Amino acid sequence: MKQVHNFSAGPSILPKEVTEQAAQAILEFDNMGLSLIEISHRSKNFEKVMDEARQLVKDILGLPERYEVLFLQGGATLGFYTSAINMMKEGGKAAYVNTGVWATGAIKEAKLLGEVQVIGDSSDKNHSYIPNFEVPSDVDYLHITSNNTIFGTQYQSFPKTNVPIVCDMSSDIFSKKFNASDFAMIYAGAQKNMGPAGTVLYIVDKEQLGKTGRKLPNYMDLLNHIDKDSMSNTPPVFAVYASMLTLRWIKANGGLEGMEVRNNAKQALFYSELDRNSAFKGHAVPEARSWMNATFKLNDEASAPEFDKLWKEAGISGIAGHRSVGGYRASMYNALPIESVQVLVDVMKEFERTKG
Ligand SMILES: *Cc1c(COP(=O)(O)O)cnc(C)c1O
């Protein structure tokens with residue numbers, strides 16, 4: 001295979017050993033003479049995958065007993081509604097912070113269920129910053145999006161409040177140290193920083209569930225999934241397996257602390273070049289920069305063809321920006337090696353040197 005530096009925003013890079021082991025399991029799983037994707041999800045062989053995946057999340061995050069871990073379907077997009085219907089009381093209200101496209105999606109879904117107070121909103125500056133806000137004390141929960149994948153902003157610290165916090169962590173879960181027990185609910189689509197597309201992780205404080213006074217559709221009732229050990233229906237077996245392999249890799253590489261060291265080095269390398277280089281400017285304000293998704297533009301957009309030629313020749317893939325920001329986006333998820341960031345930085349230097 002040719003060497004490619006994969007900066008894709010999602011689905012995105014996974015550790016090489018994970019894709020190799022996952023590929024092997026498609027051919028033959030657990031010495032069964034069968035493929036992972038042609039056995040019963042109720043077999044002992046698959047049950048132990050689900051058990052290990054759930055346990056790894058508990059271990060890596062150091063979750064207290066009252067937390068449960070689920071691997072469901074529907075992506076984070078269904079999570080917008082699922083999180084709300086499990087937390088919003090009948091006739092209740094919730095506070096949301098609008099920090100981008102995904103947060104906007106979450107707000108839209110929550111409005112189907114009750115009153116939504118948007119207590120902070122960064123849309124006036126195309127979501128280039130994280131707004132300040134005060135959390136009202138009379139809401140059922142606060143919803144935030146920890147990392148704004150499209151705009152390249154990230155909370156540098158989480159709000160302190162007595163109100164239960166629900167967080168969409170799709171694009172920065174397991175990327176650095178944080179206190180998971182500060183949250184009532186975390187949900188994260190696997191395909192940014194944990195595995196292939198097809199499963200969404202829920203981390204829930206059981207004690208916060210079952211208080212809404214609502215009748216919930218079976219698939220959206222997180223208590224149902226907890227009761228059935230995340231096997232209420234056929235789980236997305238391949239996505240769960242590959243996520244389990246990635247979680248093993250995270251644990252073997254120092255857990256959250258190890259990921260933080262790795263990701264901090266990458267972001268420091270990238271942003272110091274961005275700040276130094278006269279040919280580029282960032283989209284996100286420095287105080288809100290994401291370690292996972294760096295958004296940037298050329299000062300002279302007319303020279304894009306030259307820059308594009310350089311990065312393509314260097315084997316870089318996936319840095320075209322999202323249509324709502326333009327420019328470029330370098331996603332530097334856990335599995336991306338720092339060597340790839342160095343290649344990008346070298347290309348930026350080369351571009352600055354040759355463009356004039
Ligand atoms: C990608 C993404 C989503 C949407 O995830 P799907 O799994 O495609 O539904 C939601 N929130 C954030 C923060 C994302 O990055």
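Quick note: the coordinates plus some simple rules give every number you see, no bench work behind them. What you see is a predicted model, and the numbers here were worked out from it, not measured in a lab. Here the Cβ positions follow ideal geometry from the backbone for every residue, glycine too, while neighbour counts run over all protein chains shown.
Counting Lys +1, Arg +1, Asp -1, Glu -1, what net charge surrounds T354 among other residues with beta carbon under 14 Å of its beta carbon? Spell out each step's value before the answer.
Working: positive: K309, K349, R353, K355; negative: D300, E306, D308, E313, D346, E350, E352.
Once all neighbours under 14 Å are counted, the net charge is -3.
Determine the calculated [θ] at 222 nm for the chain from helices alone, applying -39500 (n - 2.57) to every DSSP H run no shorter than 4 residues and normalising by the residue count; nearest 500 deg cm²/dmol. Write out the running numbers ahead of the final one.
Working: 9 runs with 124 residues, N = 356.
It lands at -11000 deg cm²/dmol.
Once you have a ≥ b ≥ c as the square roots of the Cα gyration tensor eigenvalues for region 255-355, tell me rounded if a/c is under 1.5, and otherwise prolate or oblate according to whether a/b is larger than b/c. Can you show the working numbers first?
Values: a/c = 1.77, a/b = 1.51, b/c = 1.17.
Prolate, since a/c reaches 1.5 and a/b exceeds b/c.
If a paramagnetic tag sat 7 Å from the Cα of N224 along the Cα-Cβ line, which residues of region 64-78 would have the backbone N under 17 Å from that point?
So the set is 70-75, 78.
Once phi is turned into θ = phi - 60°, what whole-Hz ³J(HN,Hα) does the Karplus curve with 6.51, -1.76 and 1.60 give for every residue of region 311-316, x standing for Gly and Pro?
Rounded to whole hertz, the list is 6, 5, 4, 7, x, 7.
Which whole-angstrom value gives the distance between the alpha carbon centres of region 106-121 and region 244-273?
When both Cα centres are located, 33 Å separates them.
Can you put S35, S8 in order of Cβ neighbours within 10 angstrom, beginning with the fewest? Let's see the in-between values first.
On the way: S35 13, S8 19.
With the sparsest Cβ surroundings first, the list reads S35, S8.
Label region 121-207 by shape, choosing from rounded, prolate and oblate, from the square roots a ≥ b ≥ c of the eigenvalues of the Cα gyration tensor; if a/c is under 1.5 it is rounded, and otherwise prolate applies when a/b is larger than b/c, oblate when it is not.
Values: a/c = 1.93, a/b = 1.09, b/c = 1.77.
Oblate shape, in that a/c is at least 1.5 and b/c is the bigger or equal ratio.
What is the distance, in nm, between label points placed 7 Å from the Cα along the Cα-to-Cβ direction at E17 and at N264?
For E17 paired with N264, the spin-label model returns 2.3 nm.
Would you mind working out the magnitude of the charge dipole of the chain relative to its Cα centre, with +1 at each Lys and Arg C-beta and -1 at each Asp and Glu C-beta, to the nearest 20 Debye?
Details: 37 positive and 41 negative charges, 52 e Å.
Its charge dipole is roughly 260 debye.
Please report, largest first and rounded to whole Å, the three semi-axes of the ellipsoid equivalent to region 13-73, where each semi-axis is the square root of five times an eigenvalue of the C-alpha gyration tensor. Could the numbers behind the result be given before it?
Working: eigenvalues 120, 50, 17 Å².
With the √(5λ) rule applied to region 13-73, the semi-axes are 25, 16, 9 Å.
Identify which of P305, P136, P337 has the largest mean-square fluctuation in a Gaussian network model of the chain, with springs joining Cα atoms closer than 10 Å.
P305
Figure the gain on full extension for K108 and S123 (residue separation times 0.36 nm, minus the Cα-Cα span) and round it to one decimal in nm. Provide the component values of the computation, followed by the final result.
On the way: separation 15, 0.36 × 15 = 5.40 nm, distance 1.50 nm.
Computed gain between K108 and S123 is 3.9 nm.
Counting other C-beta atoms within 10 Å, which of R248, R262, R276 has the fewest, and how do the rest follow?
Values: R248 18, R262 21, R276 12.
By the 10 Å Cβ count, ascending: R276, R248, R262.
Could you give the length gained on full extension between H41 and S137, defined as 0.36 nm per residue of separation minus the Cα-Cα distance, in nm? Intermediate values should be presented prior to the final figure.
Working: separation 96, 0.36 × 96 = 34.56 nm, distance 4.34 nm.
This chain segment gains 30.2 nm when fully extended.
Sorted from largest to smallest, which semi-axis lengths in Å does the alpha carbon gyration tensor of region 1-105 give for its equivalent ellipsoid, taking the root of 5 times each eigenvalue? Walk me through the numbers on the way to the answer.
Numbers: eigenvalues 216, 98, 39 Å².
Semi-axes from the Cα gyration tensor: 33, 22, 14 Å.
Can you give me the Kirkwood hydrodynamic radius for region 289-329, using every pair of distinct Cα atoms, in Å to one decimal? Spell out each step's value before the answer.
On the way: mean 1/r = 0.0915 Å⁻¹.
Every distinct Cα pair counted, the radius reaches 10.9 Å.
With a point put 7 Å past each Cα toward its Cβ, work out how far E301 is from T161 in nm, to one decimal.
That separation, rounded to one decimal, is 3.6 nm.
Return the loop-located GluC sites (Glu not before Pro) in region 48-89 (DSSP other than H, G, I, E, B) with at most 14 other Cβ atoms within 10 Å of their own Cβ; answer none if there are none. Let's see the in-between values first.
Details: sites: E52, E65, E68; in loops: E65.
Within region 48-89, the qualifying GluC sites (Glu not before Pro) (loop, at most 14 other Cβ atoms within 10 Å) are E65.
Using the Cα atoms of the chain to build a convex hull, what is its mean projected area in square nanometres? Provide the component values of the computation, followed by the final result.
Details: hull surface 71.9 nm².
Taking the Cα atoms of the chain, their convex hull projects to 18.0 nm² on average.
If we sort 228-237, 82-91 on the protection proxy, mean other Cβ atoms within 10 Å, highest first, what's the order? Kindly include the intermediate steps, with their values, before the conclusion.
Details: 228-237: 16.3, 82-91: 21.1.
Ranked from most to least packed, the peptides come out as 82-91, 228-237.
Mind running the shape call on region 103-144? Use the C-alpha gyration tensor, a ≥ b ≥ c as the square roots of the eigenvalues: rounded below 1.5 for a/c, prolate if a/b tops b/c, oblate otherwise. Can you show the working numbers first?
Working: a/c = 2.81, a/b = 1.36, b/c = 2.07.
It comes out oblate by the Cα gyration axes.
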